[in-house]
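Working notes, beginning with the structure itself.
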Amino acid sequence: MTALGRWLAPSHPAQLLLGLTIWSLWFVALYGGLSVACELAPPAPRQGALTGINTWLAVLTLATLALLAWLAWRGLCAGRETVGSARFIALVGAGLHLFSAAGVAFVGLPLVVLTPCL
């Protein structure tokens, strides 16, 4: 197994930071991208929420949710198959991935149904 493969293993301690790191990168990309898009090409307010900006925000949000959900599922499966500290890290990492996914849903999904750039 390569060094990167070990780092991405569900029982590696990096999993304790990965979910929150993915959430923070998503958050910066979401609001940074929204700010830049609204500055360069703001949609008309009468257009409502059905804009290209909201479409891209929805795609980014759903892709991030899918990644975090997959990481959580993988951690839960690994937690059932391992013992000791590897099990602890896999299960806590899965919980942190789920927590991060909840943060993405809580912030991202309402954002994509509101009119951007107001």
Listed by first then second residue, the pairs whose first member lies in the stretch 68-83 and is over 17 Å from Ala102 (Cα atoms), whose partner is aliphatic (A, V, I, L, M), with beta carbons under 7 Å and at least 6 positions apart or on separate chains, are Ala78/Ala90; Gly79/Ala90; Gly79/Leu91; Gly79/Ala94; Thr82/Ala90
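In this structure, is Ala37 surrounded by 14 or more Cβ atoms within 10 Å (Cβ to Cβ), aliphatic (A, V, I, L, M) and within 10 Å of the chain's Cα centre (by Cα)?
On the way: surrounded by 14 or more Cβ atoms within 10 Å (Cβ to Cβ): yes; aliphatic (A, V, I, L, M): yes; within 10 Å of the chain's Cα centre (by Cα): no.
Answer is no for this residue.
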Verdict on Ala78 being of a type outside the set (D, E, K, R), under 21 Å from the mean Cα position of the chain (by Cα), at pLDDT below 95 and at negative phi: yes
I'd like to verify a number: residues in the stretch 91-110 that are buried (at least 17 other Cβ atoms within 10 Å of the Cβ) and among the aliphatic types (A, V, I, L, M), how many? 6
All but one of (1) crowded, with 18+ Cβ neighbours inside 10 Å; (2) within 20 Å of Gly93 (Cβ to Cβ) hold for Leu30; which doesn't? (2)
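The values are calculated or read from the model by the stated rules, or taken from the named source; none is laboratory data. Keep in mind that what you see is a predicted model, and the values were worked out from it rather than measured. Positions of Cβ are backbone-derived with ideal geometry, glycine not excepted, and every protein chain shown enters the neighbour counts.
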